[in-house]
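Peer 1: I'd like to ask you about the structure that follows.
The values are calculated or read from the model by the stated rules, or taken from the named source; none is laboratory data. If you're wondering where the values come from, they're calculated on a predicted model, not measured in any experiment. Heads up, the Cβs are rebuilt from the backbone with ideal geometry, glycines too, and the neighbour counts pull from every protein chain shown. To get the accessible areas, we keep the full protein, side chains included, count just its heavy atoms, and leave off ligands, DNA and RNA. Shrake-Rupley method; radii C 1.70, N 1.55, O 1.52, S 1.80 Å.
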Amino acid sequence: MNKYLKVSLTLATIASGSALLIGLMNLATVGAIAANKENKIKNGISRFYPEQYYYQYFEMKENSDELEDGKLLYPTINSVYIVDVPREEGYKRGYVYSTSAKNSYGQVDLLISIKEAKIDEIYVVKNTESYGQTLEDNYINKYNNGYLKDLADVKCGATYGAKIVKEQCDDAMRHYTNNYAKEGE
Amino acid sequence: MSMDKIKRSQHKESFLNGILRENPLLVQILGLCPALAVTKSLETAFGMGLLFTFVLVSSNVIVSLLRKLIPEEIRTPCYIVVIATFVTIVKMFAEAFLPELYSSLGVFLSLLVVNCIVLGRSEAFAGQNGVFDSFLDGCGNGIGYTWAISLMGLIREIFGKGTLTIGKVFNFFGDPLVLPILKSTTLDTNGDPLYDFSISIFQNPAGAFIVLGLMLAVMAAITNHKKAVEKAKERAAKEAAKAEATLVAGGAK
């Protein structure tokens with residue numbers, strides 16, 4: 001009996017010590033982790049809108065209106081940021097989509113900016129694709145810098161990665177067309 | 001030799017063994033999974049090495065402290081709980097203060113819990129030695145693993161990407177510095193670099209195997225050379241002793 005008690009007590013003590021340490025570390029880092037996530041999104045939006053802006057956003061995947069036959073209408077969209085940039089008369093409105101998609105090579109999370117009914121720029125939030133660098137150099141950056149006219153040609157040396165980027169852009173564009181296109185800029 | 005000197009040489013051995021003579025990656029061929037996966041760039045590999053060293057040193061110290069209190073039957077589960085605690089702490093730290101590194105390392109940071117080097121050093125060394133020796137052993141093995149994967153990262157980044165990026169993962173001083181080594185950072189009118197001598201296979205898993213294979217070959221060549229030199233010295237010493245003995249015998253006659 002003594003032996004079992006000793007084993008149980010040892011395990012309980014070590015587990016409690018571990019829990020305490022992890023809890024303390026969590027307390028110390030939770031604020032910084034939340035701030036990092038917010039900063040990443042803000043940095044992305046600031047890149048699209050270097051001037052002063054205001055934004056409101058809503059989560060997509062929690063919105064049941066976006067379901068069709070139990071499936072998400074825009075499966076890659078996480079949230080939409082509606083950005084208002086103040087002008088001398090009124091404001092200028094833009095849309096930024098936070099999207100994510102994955103395949104067997106990894107995951108790509110993006111911020112997609114739509115201005116004047118066109119995908120203006122793509123900002124990579126997370127890219128764990130095996131051919132991630134090729135995907136950014138030969139596809140995303142080329143589109144951002146105007147060397148690629150559209151995203152249709154996914155043959156860039158990282159075809160599967162490019163396909164999920166295109167999928168995300170298509171979802172964003174479809175959502176924009178169905179919901180905001182009439183509002184205009 | 002005094003006890004102090006013996007202890008000091010033991011401490012020195014505990015520290016130095018892991019760095020070169022018993023390097024966990026290049027001699028013991030352990031910890032291959034993260035070494036192949038996170039060495040796409042120098043900074044990521046170095047970051048992984050630092051976090052790995054912290055986990056190894058901390059778990060070695062705690063295991064060594066608790067070694068007499070932990071019953072034999074639950075030794076391994078206790079070691080795993082200790083290691084998992086430090087891995088979780090390191091994960092939280094990286095997510096909070098080194099977010100770029102955290103996202104580059106992905107699942108391989110969590111996999112440190114079952115890393116055979118960390119578990120192995122706890123079982124084989126820290127569970128049987130004092131705290132200071134275990135600390136030194138952790139430092140030595142950590143440094144040994146860090147330099148080995150950093151070198152792999154450097155080779156793979158230069159040859160695979162053609163550039164060397166500094167300050168992207170450890171982003172404390174504004175924009176990262178990109179050194180164009182084999183690939184130009186200036187683009188032509190088509191959006192392609194002006195020159196590009198990079199070999200993309202070095203960025204792929206196959207490239208990791210090639211680089212590791214080459215590093216192991218160099219390490220083996222150095223070890224073999226050392227052994228050959230030692231053998232030659234021993235042989236020369238034996239021959240000299242034999243010649244001396246013959247001379248002495250001739251003189252006696």
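Peer 1: Treat segment B:1-136 as a sphere of radius equal to its Kirkwood radius over Cα pairs and apply Stokes-Einstein at 25 °C in a medium of 0.890 mPa s; give the translational diffusion coefficient in µm²/s, rounded to a whole number.
Peer 2: Numbers: Rh = 15.7 Å.
Answer from the Stokes-Einstein relation: 156 µm²/s.
Peer 1: Ok, one more. Among A:S8, A:S79, what's the order by accessible area (1.4 angstrom probe), most exposed first? Mind dumping the intermediate values first?
Peer 2: Numbers: A:S8 65, A:S79 5 Å².
Result, largest first: A:S8, A:S79.
Peer 1: Still on this structure, please answer the following. Calculate the mean, over all residues of peptide B:72-81, of how many other protein chain Cβ atoms lie within 10 angstrom of the residue's Cβ.
Peer 2: On the way: counts 1, 4, 6, 0, 0, 5, 6, 1, 0, 6.
Whole-number average of other-chain Cβ neighbours for B:72-81 is 3.
Peer 1: Would you mind getting the accessible area per residue of segment B:1-81, heavy atoms of the protein chains only, 1.4 Å probe, in Å²?
Peer 2: Working: 4060 Å² over 81 residues.
In whole numbers, segment B:1-81 has 50 Å² accessible per residue.
Peer 1: To the nearest 100 Å², how much accessible surface do chains B and A hide from each other in total, with a 1.4 Å probe?
Peer 2: On the way: alone 14490 and 11790 Å², together 23990 Å².
For chain B against chain A, roughly 2300 Å² becomes buried.
Peer 1: Helix-only estimate, please: 222 nm mean residue ellipticity of chain B, summing -39500 (n - 2.57) across DSSP H runs of length 4 or more and dividing by its residues, to the nearest 500. Can you show the working numbers first?
Peer 2: Values: 9 runs with 167 residues, N = 253.
Mean residue ellipticity, 222 nm, calculated: -22500 deg cm²/dmol.
Peer 1: Tally Lys/Arg at +1 and Asp/Glu at -1 over every other residue whose Cβ is under 13 Å from the Cβ of A:Y123; what's the total?
Peer 2: Counting the neighbours of A:Y123, the net charge comes to 0.
Peer 1: How long, wide and thick is segment B:102-186, going by the Cα atoms along their three principal axes, in whole angstroms, largest first?
Peer 2: Principal axes ranked by extent give 57, 23, 21 Å for the Cα atoms.
Peer 1: For chain A, take the convex hull of the Cα atoms, compute a quarter of its surface area, and give me that in nm², please. Spell out each step's value before the answer.
Peer 2: Values: hull surface 65.9 nm².
For chain A, the mean projected area of the Cα convex hull comes to 16.5 nm².
Peer 1: How many percent of the accessible area of the protein assembly as shown is carbon or sulfur, using a 1.4 Å probe? Provide the component values of the computation, followed by the final result.
Peer 2: Working: 14440 of 23990 Å².
Using a 1.4 Å probe with all protein chains present, the protein assembly as shown comes out at 60 percent carbon and sulfur.
Peer 1: Counting Lys +1, Arg +1, Asp -1, Glu -1, what net charge surrounds B:D133 among other residues with beta carbon under 13 Å of its beta carbon?
Peer 2: Details: positive: B:K7, B:R8, B:K12, B:R67, B:R121; negative: B:E13, B:D137.
Overall, the nearby charge balance is +3.
Peer 1: Near A:K37, which lysines are there with a Cα under 22 Å away, not counting those fewer than 8 places off in the same chain?
Peer 2: Answer for A:K37, where 22 Å is the Cα cut-off: A:K61, A:K102, A:K126, B:K91, B:K168, listed by chain and number.
Peer 1: Another one. Shielding of B:87-97 by partners, i.e. mean partner chain Cβ atoms within 10 Å per residue?
Peer 2: Details: counts 0, 5, 8, 1, 3, 9, 4, 1, 6, 11, 4.
Mean shielding count: 5.
Peer 1: Still on this structure, please answer the following. Tell me the mean residue ellipticity at 222 nm calculated for chain A from its helices only (DSSP H runs of n ≥ 4, each -39500 (n - 2.57), averaged over every residue, nearest 500). Walk me through the numbers before you get to the answer.
Peer 2: On the way: 4 runs with 76 residues, N = 185.
Using -39500 (n - 2.57) per qualifying helix, the result is -14000 deg cm²/dmol.
Peer 1: Assign one of three labels to the protein assembly as shown, namely rounded, prolate or oblate, based on the Cα gyration tensor with a ≥ b ≥ c the square roots of its eigenvalues; rounded applies when a/c is under 1.5, prolate when it is not and a/b is larger than b/c, and oblate otherwise. Numbers along the way, then the final one.
Peer 2: Values: a/c = 3.15, a/b = 1.71, b/c = 1.85.
The shape class here is oblate.
Peer 1: Now a separate question. Taking the Cα centre of the protein assembly as shown as origin and charging only Cβ (+1 Lys, Arg; -1 Asp, Glu), how large is the dipole, in debye to the nearest 20?
Peer 2: Numbers: 45 positive and 45 negative charges, 501 e Å.
That gives the protein assembly as shown a dipole magnitude of about 2400 debye.
Peer 1: Heavy-atom accessible area per residue, segment A:1-48, 1.4 Å probe: how many Å²?
Peer 2: That works out to 67 Å² for each residue.
Peer 1: Restricting to Cα pairs below 8 Å that are 6+ residues apart, what does the relative contact order work out to for chain A? Please round to a whole percent.
Peer 2: Working: 244 pairs, mean separation 29.1, N = 185.
Relative contact order of chain A: 16 percent.
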